[in-house]
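The values are calculated or read from the model by the stated rules, or taken from the named source; none is laboratory data. Nothing here was measured: the structure is a model prediction, and the numbers come from that model. Positions of Cβ are backbone-derived with ideal geometry, glycine not excepted, and every protein chain shown enters the neighbour counts.
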Amino acid sequence: MPTGNQSTVEEFILLGLSEDPLVQIVLFHLFLIVYMATLAGNVLLIVAVRTDKRLHTSMYFFLANLSFLDVCYTSVTLPKMLVNFLSTKKSISFIGCAIQVYFYLLMAQTECILLALMAYDRYVAICHPLHYHIIMTTAACLFMISMSWLSGCINTSIDMFFIFSLTYCGPNTINHFFCEAPLLLQLTCSDSSTTNILKLVGTAIFLFIPLSLILISYLRIIACIMKLHSGRYNAFSTCISHLLVVIIFYGTGIFMYIRPEHSVKENTDKLVAVFYTVITPMLNPVIYSLRNKDVQRAMKRLAILLVTNKQNTGLLMH
């Protein structure tokens with residue numbers, strides 16, 4: 001992809017969430033705790049799925065991949081954000097900004113597809129239970145995950161080509177806490193109308209096609225559940241956690257990316273961005289754990305095992 005060789009801009013200034021030094025110190029500690037909680041929760045969920053044989057199904061395979069995506073997703077923006085809270089010059093290099101945009105878009109677009117795959121998995125489990133293990137084989141799940149990453153890579157690479165083939169000659173101040181593509185396009189000296197249209201179309205495709213598949217899956221799930229004479233709640237309860245994650249992820253994504261430019265409000269945008277880049281990845285393992293007894297048991301066993309190993313290690317040291 002082009003790396004902006006024609007550009008005179010060598011770095012961008014990220015204004016962040018606040019210019020008040022005291023507020024920045026408070027925010028640093030707050031977001032550090034959130035980041036540690038996000039890493040701990042998602043990594044614990046991944047390890048629990050990997051180590052508990054009862055969780056070796058396609059549903060939990062997709063869930064572990066969602067947790068891996070959330071770890072990567074939040075790690076794209078939060079570490080730099082934490083550094084800038086303690087820095088007087090809140091800058092990011094041009095190449096650093098390009099890398100941040102690339103991986104942010106890659107993780108977001110891959111997660112769009114993954115959430116659709118998780119909805120399809122629930123549809124097969126509820127509407128075709130006798131064929132579930134025939135359809136959702138290990139090979140099929142690996143193929144689906146591979147295609148979600150490949151699709152994300154291809155679309156992100158196209159986006160990056162158009163975004164960074166433009167010339168950036170100033171200004172270089174971004175009123176945000178990370179390099180986000182729509183705000184970056186506002187700083188270009190080139191005509192970005194074509195790029196904006198292509199970006200809007202690409203975003204709409206990656207948001208609405210997976211969202212349409214999710215809606216179709218749940219309409220069919222509801223139709224199947226309504227035919228049941230008993231056990232309706234138990235059948236649908238496995239979907240509630242996924243629905244909550246979909247509503248949060250797609251709701252904030254549509255608010256940020258599918259709207260006219262004149263409706264942009266910078267302070268509101270930053271608050272919404274905090275929600276989908278910081279809060280949502282932390283909440284996902286909590287949402288799935290609260291609604292899923294199998295995950296609760298696996299994580300409790302893992303936590304007990306970790307505490308026991310730590311105590312045994314301490315006794316050996318003494």
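Looking for whichever is at pLDDT below 75, of a type in the set (Ser, Thr, Tyr), over 16 Å from residue 59 (Cβ atoms) and assigned to a helix (DSSP H, G or I) here; the options are 233, 276, 250. Which one fits?
Answer to the selection: 233.
Conditions tested, residue by residue: (1) of a type outside the set (Asp, Glu); (2) surrounded by 15 or more Cβ atoms within 10 Å (Cβ to Cβ); (3) over 14 Å from residue 178 (Cα atoms).
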site	(1), (2), (3)
24	yes, yes, yes
29	yes, no, yes
52	no, yes, yes
55	yes, yes, yes
60	yes, yes, yes
70	no, yes, yes
77	yes, yes, no
105	yes, yes, no
Selected residue (criterion: surrounded by the fewest Cβ atoms within 10 Å (Cβ to Cβ)) from residues of the stretch 154-171 that are part of a helix (DSSP H, G or I) and among the hydrophobic types (A, V, I, L, M, F, W, C):
154
Given the stretch 20-136, what helices (runs of 4 or more DSSP H) lie entirely inside it while holding 3 or more residues that are of a type in the set (Phe, Trp, Tyr)?
21-51, 58-85, 94-127
